[in-house]
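So the structure is just underneath, and the comments pick up after that.
The values are calculated or read from the model by the stated rules, or taken from the named source; none is laboratory data. A quick note: this is a predicted structure, and the numbers were derived from the prediction, not measured. Ideal geometry is used to build each Cβ from the backbone, glycine not excepted, and the neighbour counts take in all protein chains shown.
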Amino acid sequence: MVAPLEDVTVVEIDNWMASPSAGAILADLGANVIKVEPLSGDPMRDMGRPAKVAEDKKGFDYQFDVSNRGKRSIAVDLESTSGLNAVLTLVSTADVFMCNLLKHRQERFGLDPAGIKKVNSRIVHATLTGYGTAGPEAHRPGYDVTAFFGRSGLYDAMREGELGTVPMARPAQGDHTTGLAFVGAILAALRLAERTGKAQTVETSLYETAIWTQATDYAITAVDQAPLRPRARENMIIPTANRYPCGDGKWLVLNMPEESAWPKLCEVIERDDLVADERFQDIRGRFQHMPEIVAAIDEALSHKTRDEWGEIFDSKGMIWGPVLGLHEVAADPQAEALDVFPDLNSDEIGSYRTVAAPMRFVEAKVGPKGPAPKLGQHTREVLEDAGFAADEIDDLVAEGAVGE
């Protein structure tokens with residue numbers, strides 16, 4: 001089987017996690033992805049927490065790997081005229097140029113859409129930023145915790161109650177979500193470039209993607225601009241769409257918004273008395289007395305473990321989900337069935353698990369191809385492929401324009 005993008009070449013100048021994660025997915029889809037790094041390397045290298053593994057598996061950069069697997073790395077000093085020209089030579093025959101440099105830095109190096117189109121009239125120029133390339137925030141650097149979670153309103157919407165503490169996201173949640181949006185835009189632009197024979201420019205940002213993830217809320221908020229009321233468990237609208245702790249301290253989530261779910265829940269947890277209680281006879285009454293209902297359900301669920309309740313809920317056809325820890329998901333049979341954590345092989349540590357992109361093809365060869373490259377691992381190889389002679393590469397290395 002062939003890979004969908006095996007005839008596509010991508011040159012990316014990016015760092016950290018959002019844009020690189022999109023490049024990793026394109027590599028999974030078969031693209032030849034060339035990662036252009038500064039001589040000091042992508043600052044994300046060696047930034048991740050060390051894994052608790054056997055000695056022979058230690059020292060491997062697992063977090064950098066997941067967003068950079070399957071690529072080739074070339075180390076280049078963009079401040080060097082000859083180094084920058086080498087990059088433009090790569091771009092001249094590429095299908096996609098990905099970049100997360102801010103607009104003014106793209107323009108400074110001639111890597112903005114206008115500059116890139118001068119060397120390649122059919123390329124897709126794709127930019128990912130924190131806040132977009134227009135408006136008062138266009139020149140502001142942004143990370144996912146600031147642009148995706150903070151400024152988009154997502155952190156505030158996730159508070160527990162109106163004055164609850166602002167939560168803290170896990171690393172790169174917004175980055176990888178935005179990376180998916182970036183991939184979609186690039187693939188559509190590739191199709192358009194093929195149809196028109198003309199270069200295309202696409203953009204996305206952490207900020208815009210985060211707003212899209214909250215589109216259900218913003219469909220109303222964009223109209224009335226009323227503040228969102230964050231909801232603690234005790235002031236949710238209905239008790240059958242809420243989260244509850246079980247007897248082992250583990251939590252589960254219910255999501256049954258229909259009116260018939262209330263008596264069914266009471267029956268399953270053996271609290272039929274709640275159905276008969278005059279205070280809880282309709283949705284309004286249950287909303288007004290939500291603290292009492294939550295306390296009653298908490299008490300009922302305290303008599304069994306989360307997994308025991310899960311079996312009961314499944315047998316009764318109830319819509320629920322366990323609140324799993326990350327370590328539980330890594331061992332989840334459902335994840336195993338979907339091959340969410342496929343194995344890769346590295347010359348450095350042998351076999352290790354990585355994380356699959358959320359897509360599967362039945363009739364195509366798709367998936368992680370290999371580990372992330374070492375800094376400048378493919379500098380000479382990539383330049384040779386681009387037509388540079390061995391002595392030309394030696395000169396570039398000697399003057400510090402590129403690194404091996």
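Values as computed for the structure displayed
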read-out: Residue within the stretch 157-176 that is part of a helix (DSSP H, G or I), in contact with a strand residue (DSSP E or B) (Cβ under 8 Å, 6 or more places away or on another chain) and among the hydrophobic types (A, V, I, L, M, F, W, C) present; value: no
read-out: Qualifying residue in the stretch 68-77 (condition: surrounded by fewer than 22 Cβ atoms within 10 Å (Cβ to Cβ) and over 27 Å from Pro171 (Cα atoms)); value: yes
read-out: Elements of type helices (runs of 4 or more DSSP H) contained in the stretch 36-144, each with 3 or more residues being within 29 Å of Ala189 (Cα to Cα) and among the β-branched types (Val, Ile, Thr); value: 81-92
read-out: Filter result (surrounded by 19 or more Cβ atoms within 10 Å (Cβ to Cβ) and among the aliphatic types (A, V, I, L, M)) within the stretch 167-179; value: Ala172
read-out: Given (1) outside the structural domain of Asp77 (by TED's automatic domain parsing); (2) crowded, with 24+ Cβ neighbours inside 10 Å, number of the condition Val2 does not satisfy; value: (2)
read-out: Subset of the stretch 147-166 that is free of Cβ contacts under 8 Å to residues at least 60 places away in the same chain and closer than 21 Å to Ser19 by Cα - its residue that is surrounded by the most Cβ atoms within 10 Å (Cβ to Cβ); value: Gly150
read-out: Single residue of the stretch 382-403 satisfying the filter (surrounded by 15 or more Cβ atoms within 10 Å (Cβ to Cβ) and not β-branched (Val, Ile, Thr)) that is nearest to Asp61 (Cα to Cα); value: Gly403
read-out: Residue satisfying condition, being over 20 Å from the mean Cα position of the chain (by Cα), part of a helix (DSSP H, G or I) and not assigned by TED's automatic domain parsing to the domain that holds Arg279, within set Val362, Val397; value: Val397
read-out: Any hit, the stretch 16-33, residues being assigned by TED's automatic domain parsing to the domain that holds Pro358, within 16 Å of Thr127 (Cα to Cα) and in a loop (DSSP other than H, G, I, E, B); value: yes
read-out: Pick from the stretch 373-387, criterion among the hydrophobic types (A, V, I, L, M, F, W, C) and touching a strand residue (DSSP E or B) at 6+ places or on another chain (Cβ under 8 Å), ranking: nearest to Ala31 (Cα to Cα); value: Val382
